[in-house]
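Okay, so here's the structure we're looking at.
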Amino acid sequence: MDMTEKTIRSEDIFEGRVIRVKKDTVKLPNGNISTREVVEHPGGVAIVPIDSEGNVYMVRQYRYPLKRLCLEIPAGKLNYGEDHRECGLRELSEETGMEPGSFDYLGVFCPSPGFCQELIHIYLATGLRAGKAHLDEDEFLEVEKYPLSELIQMIQDGKIQDGKTVIGLLLAKEVLQKDKQ
């Protein structure tokens, strides 16, 4: 059965600095007509930077939509057309000052495919060399270091709720455990 929805009409609703919103009229597989609201986003990259002692460098920053501080893995927005590996290296350096000896791709995920086409790529950074962070002028964060096992417990306790952080840390844990075997 073909479940593809076919776009009949697309209307731009909003274009901001980070997202675009459009309203599409679609023909459903059963022939009915419906509406889809779509958020367009260039995507992002998240990095799990782990030192030789098994500590993960995290960033704590205020997230306006949630009105609270969040503990997250370093991450950043892709520019349209930008290579995600290059973006990840740039964001790691900007937010933590770290340069990796090894930068391994862990995968990609869709945070909210019901209304947004954003994809987030995840990397594992190891063999870290310290440098100096150079944040964007509108970016305010603190770098904190935690053992990976403590962060996994924080996920289980509901203290870390950010999707990219949960996925990134769990993927990193799996990869590191396999490497030890």
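The values are calculated or read from the model by the stated rules, or taken from the named source; none is laboratory data. None of the values given here were measured: they were computed from a predicted structure. Because the Cβ atoms are built from the backbone with ideal geometry, glycine has one as well, and the counts that use them run over all protein chains shown. Side chains are part of the model used for accessible areas, which takes the heavy atoms of the whole protein and leaves out ligands, DNA and RNA. Shrake-Rupley method; radii C 1.70, N 1.55, O 1.52, S 1.80 Å.
Assorted remarks:
- When both bridge partners sit in segment 15-164, DSSP labels roughly 80% of those beta bridges antiparallel.
- The chain shape via C-alpha gyration tensor axes, a/c threshold 1.5: prolate
- Ranking Ser102, His134, Ser112 by how far each Cα lies toward the positive end of the dipole of segment 79-138 (charges on Cβ) leaves Ser102 at the top.
- Every helix of 4 or more DSSP H residues in the chain counts as -39500 (n - 2.57), and over all residues that averages to -7000 deg cm²/dmol at 222 nm.
- Taking Cβ atoms as reference points and 15 Å as the exclusive limit, the residues near Asn30 contribute a net charge of 0, counting Lys and Arg as +1 and Asp and Glu as -1.
- For segment 39-181, the relative contact order comes to 32 percent (Cα pairs under 8 Å, sequence separation of at least 6).
- Lys67, Lys22, reordered so the largest accessible area comes first (probe 1.4 Å): Lys67, Lys22
- The chain, accessible surface, carbon-and-sulfur percent (1.4 angstrom probe): 51
- Estimated FRET transfer efficiency (Thr25, Ser52; beta-carbon r; R0 41 Å; 0.05): 0.15
- Full-extension gain in nm, Ser112 to Val143, via 0.36 nm per residue minus C-alpha separation: 8.5 nm
- Where the Cα pairs of segment 102-181 fall when distances are cut into 10 Å bins, in %: 14, 38, 40, 8, 0
- Out-of-range pairs (alpha-carbon distance over 26 Å; input Lys27/Lys77; Lys132/Lys164; Lys6/Lys67): Lys27/Lys77; Lys6/Lys67
- Of the listed residues Leu78, Leu128, Leu119, the order by accessible area with a 1.4 Å probe, largest first, is Leu119, Leu128, Leu78.
- Segment 51-132: C-alpha gyration tensor shape, a/c 1.5 cut-off, then a/b vs b/c: oblate
- Label point distance in nm, Arg90-His134, each placed 7 Å from Cα along Cα→Cβ: 1.2
- Other-chain or far-sequence residues with amide H under 5 Å of Ala133's (modelled H): Gly97
- Highest-first packing order for the peptide set 142-155, 83-96 is 83-96, 142-155, based on the mean count of other beta carbon atoms within 10 Å.
- Among Phe115, Phe103, Phe14, residue whose mean-square fluctuation peaks in a GNM of the chain (springs only between Cα atoms under 10 Å): Phe14
- Thr7 - accessible surface, heavy atoms, 1.4 Å probe, Å² rounded to 10: 90
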